[in-house]
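Below is one structure; the comments refer to it alone.
The values are calculated or read from the model by the stated rules, or taken from the named source; none is laboratory data. Predicted, not measured: the structure shown is a model, and the values here were computed from it. Cβ placement follows ideal geometry from the backbone for every residue including glycine, while neighbour counts extend to all protein chains displayed.
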Amino acid sequence: MLVLSRKTEESVVVVWAVLVCALAGGCAVPQPRGHGSLSRIVERSTQRGYWLYLPKDYVPAIDNTAAPTVELRLWPLVMTFHGMNPWDSANAQAREWQEEADRYGFIVCAPELATCNSFMEYPLRKIHTYVAADELATLAIMNHVFRRTNADPNRVLSTSWSAGGYLAHYLVNRHPERFQCIAVRQSNFSPTIMDPARAEEYSSTTVAVFYTQNDFQACRKDSEAAVEWYRENGFKDIRTGVLRGMGHERTPETAAAIFAESCGATAETSPIRLSRMQIMEDMSPPATQPVSRKDLVSDAGRLSAHGTENRSLVSREPEGSPSFTASSSIP
């Protein structure tokens, strides 16, 4: 009888899962396309590509002469880190976020990563050269975005899907001054590449960790491990959500709502898909026992699906509860 080590067993499970995903046509992007502009750009100093989405209402400074009545403003920036290539990509992440970017007025940047591919160490346990290269490239890309757009350097979200979680957590841990908020979705986490000595520097940062009822086992376990790491290291605002009846699916709506609250953005349209997601309270790991919960609300009143009241997607630890603002207009 062949006996596999835990690491080998986890790797086999992931490889099998992504092969199934590929045979099913890949991890599709079901979210509607936005009405802004999407482009691929190369940051010259690192020669690293990234995808940039500017929301439909974005007005760059150079166009202010054409619309002098429009007040210039700084726009919140979403840095989204893709999952394992070829089953996810920077382009897919940028496309996934378009509707939310238009809804809340976010600029979205999705770097092309060297870490997240089928040849990476999985589970990730060390800061390999490709991790360090992605760290350098991401910082350079962020600087590039700030130079060429009106993105706000003080309102930046680190978010991810799947294997992109390794970098989403790591980059904030190493550069906490560059990020306002962390909100990951169905993502991996590695405590061995995190530096607990840096935790105090950003322990007041909002941290949100979402995964799904039928997610890959590795993502479920890593999500719980992430929450435990933040709790043990004294973080004051930890949000969690286990989404009922869903698999390893793209859910940018969850992270977008958390970031909107954190950065003060207001939704132009009601997040209908978000309102239909439900949290499974009995699946929350022990480290995330909620103290209080609130329903998602709009200016018109409580959002519901098919007339049934939904529970909040998030809980806050150790005190308080989230509030979301959305207009009553329907997309």
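Which is among the acidic types (Asp, Glu), farther than 14 Å from residue 78 by Cβ and under 16 Å from the mean Cα position of the chain (by Cα), of 237, 222? Just a single option satisfies the conditions, and that option is 222.
Going through (1) closer than 18 Å to residue 149 by Cα; (2) modelled with pLDDT under 95; (3) not acidic (Asp, Glu) one by one, residue 39 falls short only on (2). One residue stands out in segment 169-226 among those that are hydroxyl-bearing (Ser, Thr, Tyr) and assigned to a strand (DSSP E or B): the one that is nearest to residue 131 (Cα to Cα), namely 187. Residues in segment 177-190 include at least one that is more than 29 Å from residue 55 (Cα to Cα) and either in contact (Cβ under 8 Å) with a residue 12 or more places away in the chain or under 15 Å from the mean Cα position of the chain (by Cα) (or both).
Considering each residue of segment 221-228 in turn, none proves to be surrounded by 19 or more Cβ atoms within 10 Å (Cβ to Cβ), free of Cβ contacts under 8 Å to residues at least 60 places away in the same chain, of a type outside the set (A, V, I, L, M) and out of contact with any strand residue (DSSP E or B) (no Cβ under 8 Å at 6 or more places or on another chain).
Take the conditions (1) over 23 Å from residue 120 (Cβ atoms); (2) under 17 Å from the mean Cα position of the chain (by Cα); residue 215 misses just one of them, which is (1). When 159, 138, 129 are checked against the criterion of being under 27 Å from residue 85 (Cα atoms), crowded, with 21+ Cβ neighbours inside 10 Å and either of a type in the set (Lys, Arg) or more than 14 Å from the chain's Cα centre (by Cα) (or both), 138 stands alone in meeting it.
Summed over segment 208-220, the residues that are crowded, with 23+ Cβ neighbours inside 10 Å and either of a type in the set (Val, Ile, Thr) or closer than 11 Å to residue 280 by Cα (or both) give a count of 3. When the test is whether a residue is modelled with pLDDT of 95 or more and either within 27 Å of residue 79 (Cα to Cα) or buried (at least 21 other Cβ atoms within 10 Å of the Cβ) (or both), residue 279 does not pass it. Exactly one residue among 148, 174 is modelled with pLDDT of 95 or more, basic (Lys, Arg) and within 22 Å of residue 74 (Cβ to Cβ), and that residue is 148. Scan segment 100-141 residue by residue and report those that are aliphatic (A, V, I, L, M) and either assigned to a helix (DSSP H, G or I) or at positive phi (or both). Listed by number, the residues that qualify are 101, 131, 132, 133, 136, 137, 139, 140, 141. For residue 174, the requirement of being within 23 Å of residue 98 (Cβ to Cβ), surrounded by fewer than 24 Cβ atoms within 10 Å (Cβ to Cβ) and charged (D, E, K, R) is not met.
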